[in-house]
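Below is one structure, written out as structure tokens, with a few remarks after it.
Read-outs throughout are calculated quantities, based only on the coordinates presented, and are distinct from any laboratory measurement. Small disclaimer: the values here were computed from a predicted structure and weren't measured. All Cβ positions, glycine included, derive from the backbone under ideal geometry; neighbour counts span all protein chains shown.
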Amino acid sequence: MARISWGLLHRLGGMLIVLALVVTVVFIIVRVTPGDPAAVMLGSDATPEDIAQLRSRMGLDAPLIVQYGQFVGGILRGDLGQSIFLNHPVTQALAARAEPTFFLTLFSILIAVAIALPVGVLSAVRRGTLFDQIVVTLTMVAASVPSFWLGLMLIQVFAVGTGWFPASGYGGPDTPFLERLHHLVLPAVALGVVNSALITRFTRAAMLDVLGEDYVRTARAKGANERRVILKHALKNALIPIITVIGLSVAMLVAGAVVTETVFGLPGVGNLVVSAVLRRDYPVIQGTLLVVAAIYVLINFIVDMLYILVDPRVRL
Amino acid sequence: MIAASTTMPVVAGLRRLFRNRAILLGAIVLALVVLAAILAPLIAPYAPNKLSIVNKLKGPSLTHLFGTDEFGRDIFSRAIYAGRISLLVSLGVVFISTVLGVIMGVAAGYFRQLDAPISRLLDAMMSFPDILLAIALVAALGPSLATVIIALGITYAPRLARIVRGSTLVLRELPYIEAAVAMGLPTWQVLMRHVLLNLASPILVQATFVFASAMLAEASLSFLGVGVSSDMPTWGTMLASGREFMNNAPWLMIFPGLAIVLSVLSLQLLGDGLRDLVDPRLAKES
């Protein structure tokens, strides 16, 4: 127990160091802008007074080390700054856009796992068969398709063609929840299918690894039925790499969501950051980067914790 | 005689390389894409920016193989020219990420005191989703062809650095490196002659995958309007400008998209094949 607690503290410390570096990287990115960010944001029509006012509002007139201190202090208080164009706090802008992105990411990962686990396991069990070859080929093709392009093709077929699903939008706060989810079907399928490729390949490889192990042979020799051998003996032991890749693919899903939201006109965090880039709204860009990276670091930490549940041999 | 004996290992190596079907297929498709891009002025039937309003939004036909866009420009010609910029951007990204990745990876893997700080920095960099980090960097540096290449190069450098670090950690403990150090060879010579040369294979494999990712990322950035200028035909900008006419002229979306899929697929095949060749343990599994 003591070893677990020490291990846990060690991991927690590591996570905090990475988070601190994430904060620093985000701070640096906005400051590498050639010239004056305030002047860039306001465009060529701005007067020197306007620029000076924005510089002071963004805290850019203070020495770099003071700016860093203010930036970190703000984050610790839950203050990510003020959006220049929306004219309200970045946290508020992010909170207002979180729902579509959260459900899009969640459904995409569910679709990806629902495809990848059975297909990957079956492909490994039937290694070398026609089914396996088709799976290997299809995953290779799926990994080469830009998710936004697949989204556009799905719109052509299932929104413009059959009219089964809406081509864009999410509905307002008064729209019933199920109606809003209906808007997410095509984007979630586009993202989920592309991301299932990687998880399928990892599942297949992890299963092939464990299917050759002695304990699988022993289970078969004992006369355990094949279903039990595959699900209880093999899959359970292959879960660690599979969980790792599912955790990693969350970052890919968020990256995919940025583009997919734009294709489907979803008012999510991705859409927010793209419009912030076009308007040079640096506080929104830096706030979004920070929150998304922090979520990713947390998910990886949780994945580490899941290892103990899945495999009692793993010690933290 | 001497010439024959020196070329033999090369021929044997190439034969071994192309015995792998994935490498062969990937190399052929990629070679076709690269050749089409290099020979664009000879292959393209029209100039990429030649306007012909009377021919606007025409479907695929014998005169316009992939159809025309809203200005009557030939999609086939534009797609071939677009390949030049898409490939150029991806090559630039591979170069920058390889240089940065090798410096960080070798430093972390070879010098123990640098390992922890560099590894934590790589962890932090890899916490950002690639597109998000790239668009933030493009926003900071200002959108242009060069900044897209730099931004994506920085974004993918940690992927190479991780692989290089891992391989360097293994190499560092090998007897011939220890021998080189014991012989008093200066550190930079040990690194250049013995470490870097032996890192070539893992770097080549990873660089192929970075090439593929960069191609997808460039298309995404251009599609979002935060990448290269929309006047410059890349497969991404072609998709972005064709989107408006998607319902009436789906060919505007289909062909540039297929060009991306085909190129990325060839790189993935090549990367997979090379990895199997470098690590035969993996080849047995696939």
With each pseudo-label sitting 7 Å past Cα toward Cβ, what's the A:ILE308-A:ALA46 distance in nm, one decimal?
5.0
Suppose a student asked you for the relative contact order of chain B, using Cα pairs under 8 Å spaced at least 6 residues apart; what percent would you report?
24
Under the Karplus relation 6.51 cos²θ - 1.76 cosθ + 1.60, θ = phi - 60°, what is the ordered set of whole-Hz ³J(HN,Hα) values for the stretch B:196-202, x standing for Gly and Pro?
4, 4, 7, 8, 3, 5, x
List the residues whose amide H sits under 5 Å from the amide H of B:HIS64, counting only those 5 or more places along or on another chain, with H placed 1.01 Å from N in the peptide plane.
none
Give me a comma-separated list of calculated 3J(HN,Hα) values for the stretch B:222-236, in order, Karplus coefficients 6.51, -1.76, 1.60 applied at θ = phi - 60°, integers in Hz, x for any Gly or Pro.
5, 4, 6, x, 10, x, 5, 4, 5, 6, 8, x, 10, 4, x
Please list the non-local residues whose amide H lies under 5 Å from the amide H of A:LEU266, H modeled 1.01 Å from N, same-chain partners needing a gap of 5 or more.
A:GLY169
Run through the stretch A:202-260 and list the trypsin sites (Lys or Arg not before Pro) located in a DSSP loop whose Cβ has at most 14 other Cβ atoms within 10 Å.
A:LYS222
Quote the charge dipole size of the protein assembly as shown about the Cα centre in Debye, to the nearest 20; the model charges only the Cβ of Lys and Arg (+1) and of Asp and Glu (-1).
1860
What is the count of Lys pairs in the protein assembly as shown whose alpha carbons sit under 29 Å apart, if the two are 8 or more places apart or on different chains?
6
For B:GLU178 and B:VAL99, what is the calculated FRET efficiency with R₀ set at 35 Å and r taken between the beta-carbons, to the nearest 0.05?
0.80
Using modelled amide H (1.01 Å from N, peptide plane; none on Pro or chain starts), what sits under 5 Å from the amide H of A:GLN82, excluding residues fewer than 5 places away?
A:VAL90
Of B:ALA249, B:ALA136, B:ALA212, which has the largest mean-square fluctuation in a 10 Å C-alpha GNM of chain B?
B:ALA136
Using θ = phi - 60° and the Karplus relation 6.51 cos²θ - 1.76 cosθ + 1.60, list the HN-Hα couplings for the stretch A:215-228 in order, rounded to whole Hz, with x at every Gly or Pro.
5, 6, 4, 4, 4, 5, 4, 5, x, 5, 6, 4, 4, 5
Computed [θ] at 222 nm, helices only, for the protein assembly as shown once each DSSP H run of length n ≥ 4 contributes -39500 (n - 2.57):
-24500 deg cm²/dmol
For chain A, what does the relative contact order come out to in percent, with C-alpha contacts under 8 Å and a separation of six or more?
28
In a shell of Cβ-Cβ distance under 15 Å around A:LEU122, excluding A:LEU122 itself, what net charge do Lys and Arg (+1) and Asp and Glu (-1) give?
+3
Give the residues of the stretch B:11-39 whose amide nitrogen is closer than 18 Å to a point set 7 Å from the Cα of A:GLN133 in the direction of its Cβ.
B:19-26
At R0 = 56 Å, FRET efficiency that the Cβ-Cβ distance of A:TRP164 and A:LEU9 yields, to 0.05:
0.60
